[in-house]
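Report on the structure given below.
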Amino acid sequence: MHHDDTEHDSDILGMLAELPRTAPLDAGETDRMVGRLRDDGFFRARSRASRWAIQAAAAAAIFTVGAFAGSRYARRNSLEEMLSRQHLTVADRVLLLQRAGSAYVRAAQSYADATAHVDSSAVEVASRVLLGAAHAVARSGLDAGLSARLTTAMQPAVAPETPSRKPVIWF
């Protein structure tokens with residue numbers, strides 16, 4: 001005869017279900033249990049110094065991880081890093097061009113704000129950078145006449161020559 005294990009298991013589960021879930025305690029039994037648990041190391045109050053040290057260590061770890069992640073993010077998305085990348089999408093290249101141009105304008109404005117007089121070398125550098133940018137755009141075929149207009153606008157103004165007159169002598 002074959003004995004069915006599922007019947008045996010269901011009988012055991014039925015008996016376990018009939019057992020009471022709570023039992024009455026004698027007077028003082030609770031105090032003895034708590035005392036025994038306390039003796040075994042449970043319910044031990046941690047010192048405030050160790051709690052403070054753990055919190056300080058956690059704060060330092062979070063700060064360090066945040067600083068490291070922020071530094072890597074800033075370096076990865078810096079203008080210099082993006083300029084060194086070779087495999088950028090067209091949209092990324094347009095964004096890079098816009099960021100570089102904005103950085104140039106901010107640097108020029110910062111320089112202009114910091115100096116009280118016109119510096120001819122700074123003017124020369126600024127005009128050469130703009131002309132170089134215009135020529136680079138013209139070489140790539142994207143300028144639609146922009147480089148010629150920019151080159152003309154960047155040329156130093158020359159005063160028109162007045163026709164030579166003969167001196168007039170009055171008597």
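The values are calculated or read from the model by the stated rules, or taken from the named source; none is laboratory data. It should be emphasised that the depicted structure is a prediction, and the values quoted were computed from it without experimental measurement. For neighbour counting, all protein chains shown are included, and Cβ atoms are generated from backbone atoms with ideal geometry for every residue, glycine included. These accessible areas exclude ligands, DNA and RNA; they are computed on the full protein's heavy atoms, side chains included. Shrake-Rupley method; radii C 1.70, N 1.55, O 1.52, S 1.80 Å.
Remarks
- Cα gyration tensor shape of the range 38-121, rounded if a/c is under 1.5, else prolate or oblate by comparing a/b with b/c: oblate
- Computed label-point distance, nm, for sites PHE43 and ASP119 using a 7 Å Cα→Cβ extension: 7.6 nm
- Carbon plus sulfur fraction of accessible area for the range 1-107, probe 1.4 Å, in percent: 62 percent
- On full extension, the segment bounded by LEU79 and ALA56 gains 4.7 nm, given 0.36 nm per residue less the C-alpha separation.
- Heavy-atom accessible area, probed at 1.4 angstrom with all protein chains present, ranks THR22, THR64 as THR22, THR64, highest first.
- Label positions at ALA27 and ALA103, each projected 7 Å from the Cα along the C-beta direction, are separated by 8.4 nm.
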